[in-house]
Amino acid sequence: MNKRASLRRPVAILTAGIIVALAALGTVAVASSRSHADSANALQYTVSHGTPVSASTMSQRAETALAASGATGQLYELGTRGDHAYYRGTQSDGSPCYAAGGGSDVATVACLYSNEEMPSALVDMSTVVIRRSDAPKMHLDSVEGIAADQVAAVGIERADGALVTTPVSGNSYRFDAEAIPADAVAIVALDASGKILQRKTV
Amino acid sequence: MVTMSQMKRARGRYTRSRRRVCVVVVAAVVLATVVSSAKAITGNYWGYNNLSVTNPPAGTCMTNPSYPWPAGFACSGWGNWDQSWVDWTSGSGKFSFGYLCQSDGVFHGRVLNGAGGDVPAFYTAVYYAYCPGHYNKAMVGHDSGTYNYLQAGKN
């Protein structure tokens with residue numbers, strides 16, 4: 001009896017270890033299959049690597065926000081628009097992060113669940129305002145973001161279908177506040193021939 | 001000649017050794033899982049759960065006791081939050097996340113739309129770009145489409 005009892009405990013612990021390991025592997029497999037599904041469904045968009053940025057040049061607030069989002073790898077500046085800068089970073093597993101902000105600060109970060117550089121034509125960072133009195137109606141407040149190399153211009157589509165466009169440079173785009181029409185219905189990515197690569201209703 | 005007590009001691013050492021190996025294996029697996037998702041998943045006020053036109057129900061987020069927000073909106077309590085975040089894992093609806101600013105009582109946020117090409121990710125919004133002041137609520141709200149499965153929080 002004692003011999004059986006002494007063997008039963010380590011076997012039980014080993015079994016528990018295997019179960020935990022299998023559960024962890026299952027989690028990794030699900031995440032991996034999600035990434036693969038993303039890869040299979042998306043076109044092959046690319047984005048330039050930009051210029052390396054030293055973490056010491058970023059504000060403490062920016063460093064904290066980047067780290068909290070998972071962007072712990074080398075940071076690259078893709079471009080600037082006015083006083084805004086656009087960045088590309090990486091996570092510990094190599095997946096990309098994109099960020100934007102004023103100067104050395106960071107206002108918004110997106111760390112993707114994708115192994116691709118850009119799973120879509122745009123990583124749009126546009127913002128809206130919602131008032132309780134007419135929620136959930138959104139009022140477009142700012143339009144900016146990161147664009148893939150294949151995107152030549154970004155447009156704001158008005159209710160009548162007309163487009164207000166801005167060229168992409170440094171893989172980034174940004175509209176001045178006064179250029180955003182009140183009847184905006186979508187943000188579109190256009191290639192050099194004017195073909196719509198992505199349309200996001202807002 | 002090996003005595004019974006020597007055999008028992010040897011078996012005890014063997015058992016403890018296997019137990020230590022198991023503990024080390026389990027600890028390594030748990031550590032690897034934590035490190036692989038090294039994001040600040042703390043301070044959540046919503047989810048993981050579906051965000052939709054009916055979930056959460058109306059009044060889940062309150063500006064104050066007299067001003068309930070409609071269904072589909074969730075928020076944290078008031079605080080000096082540095083970051084508002086969402087861990088969006090699936091769904092194709094349109095929603096936004098950001099801050100309910102105390103200064104104007106208005107929700108300022110980033111709009112995401114799965115049907116419009118935005119992809120699941122861990123998104124963070126830093127307060128200074130959304131609200132004039134630091135004392136706000138972190139907030140997430142459904143706009144249209146079916147649903148999005150996500151967790152939302154603040155740091």
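Just so it is clear, none of the values below were taken in a lab; they were calculated from the coordinates. This is a predicted model, so every value here is computed, not measured. All Cβ positions, even for glycine, are placed from backbone atoms using ideal geometry, and neighbour counts span all protein chains on display.
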Some residue of the range B:77-85 being in a strand (DSSP E or B), within 20 Å of the chain's Cα centre (by Cα) and buried (at least 24 other Cβ atoms within 10 Å of the Cβ) | yes
Residue hits (the range B:37-69; closer than 15 Å to B:Val86 by Cα and more than 12 Å from chain A (Cβ to nearest Cβ)) are B:Asn44, B:Tyr45, B:Trp46, B:Gly47, B:Tyr48, B:Asn49, B:Asn50
Among (1) outside any strand (DSSP E or B); (2) touching a Lys or Arg at 6+ places or on another chain (Cβ under 8 Å); (3) more than 8 Å from every other protein chain (Cβ to nearest Cβ); (4) free of Cβ contacts under 8 Å to residues at least 60 places away in the same chain, where does B:Gly133 come up short?
-> (2)
Please determine, by comparing only the residues of the range B:89-106 that are at the interface with another protein chain (Cβ under 9 Å from one of its Cβ atoms) and farther than 22 Å from B:Tyr128 by Cα, which one is surrounded by the fewest Cβ atoms within 10 Å (Cβ to Cβ).
-> B:Ser90
Mind checking which residues of the range A:57-88 are under 15 Å from the mean Cα position of the chain (by Cα), surrounded by 22 or more Cβ atoms within 10 Å (Cβ to Cβ) and within 11 Å of another protein chain (Cβ to nearest Cβ)?
-> A:Ala65, A:Leu66, A:Ala68, A:Ser69, A:Gly70, A:Ala71
Of all strands (runs of 3 or more DSSP E) fully inside the range A:144-202, the set with 3 or more residues that are crowded, with 17+ Cβ neighbours inside 10 Å and in contact (Cβ under 8 Å) with a residue 12 or more places away in the chain is A:144-147, A:153-158, A:172-174, A:184-190, A:196-201
Looking only at the range B:140-155, which residues are more than 7 Å from chain A (Cβ to nearest Cβ), closer than 22 Å to B:Ala115 by Cβ and either among the aliphatic types (A, V, I, L, M) or in a strand (DSSP E or B) (or both)?
-> B:Val140, B:Ser144, B:Tyr147, B:Asn148, B:Tyr149, B:Leu150, B:Gln151, B:Ala152
